[in-house]
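Q: Quick one: this structure, given as structure tokens, is what I'll be asking you about.
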């Protein structure tokens with residue numbers, strides 16, 4: 001009896017494991033979508049607001065005070081550093097994901113379908 005129960009559990013285990021991986025895949029797909037569609041634009045917007053606030057502090061609020069101008073300059077500098085880091089990291093991730101994990105299209109067009117200098121000409125109809 002125990003052998004039958006054990007063998008039936010072993011046969012069911014891969015199916016159960018596959019179902020668990022399916023849930024994990026959807027979790028990571030949803031997490032990736034949240035990061036790419038919500039979190040990254042939010043961080044870019046936040047860095048833009050910090051940049052604009054630094055400009056305000058440097059030009060308007062810090063017109064007479066050198067201390068306010070220095071604080072504004074620091075905010076501008078750090079927001080530019082944040083922009084450069086975010087864009088470069090985003091670019092590196094896209095290059096790696098498209099280059100290493102993207103789909104490789106190795107289809108070759110048959111001869112005569114593409115010509116140099118433009119689209120192929122349509123055959124003449126009479």
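The values are calculated or read from the model by the stated rules, or taken from the named source; none is laboratory data. These numbers were taken from a predicted model, which means no experiment stands behind them. Please note: Cβ atoms are built from the backbone with ideal geometry, for glycine as well, and neighbour counts cover all protein chains shown.
Q: Filter region 29-59 down to the residues that are touching a helix residue (DSSP H, G or I) at 6+ places or on another chain (Cβ under 9 Å) and without any contact (Cβ under 8 Å) to a residue 24 or more places away in the chain and list them by number. Even if it seems obvious, please write down each step before you answer.
A: Restricting attention to region 29-59, the residues satisfying the condition of being touching a helix residue (DSSP H, G or I) at 6+ places or on another chain (Cβ under 9 Å) are 40, 43-44, 46-59.
If the condition is that a residue be touching a helix residue (DSSP H, G or I) at 6+ places or on another chain (Cβ under 9 Å) and without any contact (Cβ under 8 Å) to a residue 24 or more places away in the chain, then 46, 49, 52, 53, 55, 56, 57, 58, 59 are the ones that fit.
Q: Look through 36, 63, 54, 72 and report the one residue that is at pLDDT below 90, surrounded by 11 or more Cβ atoms within 10 Å (Cβ to Cβ) and at negative phi. Don't jump to the end; show me each part of the working.
A: Working: 63 fails: surrounded by 11 or more Cβ atoms within 10 Å (Cβ to Cβ); 54 fails: at pLDDT below 90; 72 fails: at pLDDT below 90.
Residue meeting the stated conditions: 36.
Q: Restricting attention to region 24-31, does a residue exist that is under 16 Å from the mean Cα position of the chain (by Cα), surrounded by 11 or more Cβ atoms within 10 Å (Cβ to Cβ) and either part of a helix (DSSP H, G or I) or modelled with pLDDT under 90 (or both)? So that I can check it myself, show each step before the final result.
A: Residues of region 24-31 under 16 Å from the mean Cα position of the chain (by Cα): 28-31.
Subsequent filtering for residues that are surrounded by 11 or more Cβ atoms within 10 Å (Cβ to Cβ) retains 31.
Filter again for either part of a helix (DSSP H, G or I) or modelled with pLDDT under 90 (or both), leaving 31.
For region 24-31, residues under 16 Å from the mean Cα position of the chain (by Cα), surrounded by 11 or more Cβ atoms within 10 Å (Cβ to Cβ) and either part of a helix (DSSP H, G or I) or modelled with pLDDT under 90 (or both): present.
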